[in-house]
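Peer 1: Just passing along the structure, written as structure tokens.
The values are calculated or read from the model by the stated rules, or taken from the named source; none is laboratory data. None of the values given here were measured: they were computed from a predicted structure. Virtual Cβ from ideal backbone geometry, glycine too; neighbours counted across all protein chains shown. Surface accessibility is based on the protein's heavy atoms, side chains included, excluding ligands, DNA and RNA. Shrake-Rupley method; radii C 1.70, N 1.55, O 1.52, S 1.80 Å.
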Amino acid sequence: MAAKTKTTTTTTTEPVIRVSNLSKRFGNFTALNNVSLDVHVGEVHALLGDNGAGKSTLIKTLAGVHAPNGGQIFIDGEVVNFKSPRDASEAGIGVVYQDLAINPLATVTRNFFLGREMAVGLGPFSWMKMRQMDRIATEQMASIGIHISDPEQTVGTMSGGQKQTLAIARAIYFGAKVLILDEPTSALGQIQQMEVLKTIRRVQQRGDIAIILITHNEIHARLIADRFTFLSLGEVIGSGHRDDMESGDIRRLMAGGAELADLAAELAV
Ligand SMILES: Nc1ncnc2c1ncn2[C@@H]1O[C@H](COP(=O)(O)OP(=O)(O)OP(=O)(O)O)[C@@H](O)[C@H]1O
Ligand SMILES: [Mg+2]
């Protein structure tokens, strides 16, 4: 009898989203040059790089805001050509931008549904629909760890971490299978940063969503990411699985590929 071959499932699954040799130019400036990366279901893929590296340009291209000048995007193995953010959203790309698109004066529930409210109508049904929307918003946020006592409270009264969770829960509820988070911890204090990392961890543990996490924070990336891609001046300068990367590699790549000695030399004016 033939010996059974050992199979691994971790790296052989097809990526939910595959970016292949993507390029984007603005006039004659090249913001992205042949960028490739794969993002797998149930994984956090950290996208790291200095200011101007092209991180936001990459996510805007994935989100249908920019049309690429070259390369391809595959979702579940199929090429996609987004003509608008709506196309990307319908294909399951959910982006939580830094400004969160949240209205601080409206309630948690209103913000959760923002423009996608159930038809409320008039009379007793309107009350029922509102209660139903309150329940959905509360449950969805609780499922990733934030317990809101009053879904009718205004969002302006929530903490920064809770607002991030609201935006993440909303993206998932409305069908994101690729969740893109642009610097979700950058504007927060230490405790709230950990709250947001826990939220991201819960989404990761659901196992049905692929997450792209844009961050400048090496520690956060190391705490939570399964894979890393480092961008510098529009190009991928390094990538890998967490098991294959040393912290020294990560630090060097975060610095755009420079060695500490180079940086010290640069400081010595
Ligand atoms: N609409 C645009 N028109 C012209 N140039 C642009 C445009 N958008 C971005 N760029 C340029 O492309 C480069 C990459 O910008 P991008 O915003 O993607 O960087 P980033 O990695 O997100 O930086 P940061 O960490 O500061 O957010 C920058 O040099 C920027 O000036
Ligand atoms: Mg940016």
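Peer 1: Counting Lys and Arg as +1 and Asp and Glu as -1, each charge on the Cβ, what is the dipole of the chain about the Cα centre in debye, to the nearest 20?
Peer 2: My answer is approximately 680 debye.
Peer 1: Check which residues have an amide H placed less than 5 Å from Gly70's amide H, if you skip close sequence neighbours.
Peer 2: Ser23
Peer 1: Still on this structure, I have one more. I'd like to check one number: the per residue accessible area of the chain, probe 1.4 Å, reported in Å² as a whole number. Can you show the working numbers first?
Peer 2: Details: 13980 Å² over 269 residues.
Value for the chain: 52 Å² per residue.
Peer 1: For Phe26, Phe112, Phe82, give me the order by solvent-accessible area with a 1.4 Å probe, most accessible first, ignoring ligands, DNA and RNA.
Peer 2: Working: Phe26 90, Phe112 0, Phe82 35 Å².
So, going from the largest accessible area down, we get Phe26, Phe82, Phe112.
Peer 1: Tell me, how many Å apart are the Cα centres for the stretch 144-196 and for the stretch 211-267?
Peer 2: 26
Peer 1: With a sphere of radius 14 Å drawn around the Cβ of Gln192, what net charge do the other residues whose Cβ falls strictly inside it have (Lys, Arg +1; Asp, Glu -1)?
Peer 2: Cβ neighbours under 14 Å give a net charge of 0.
Peer 1: If I stretch the segment between Arg222 and Glu78 completely, what's the gain in nm (0.36 nm per residue apart, minus their alpha carbon distance), one decimal?
Peer 2: 48.8 nm
Peer 1: Find which of Ala169, Gly42, Ile17 sits farthest along the positive direction of the dipole of the chain, computed with +1 on the beta-carbon of Lys and Arg, -1 on that of Asp and Glu, about the Cα centre.
Peer 2: Looking along the dipole axis, the top candidate is Ala169.
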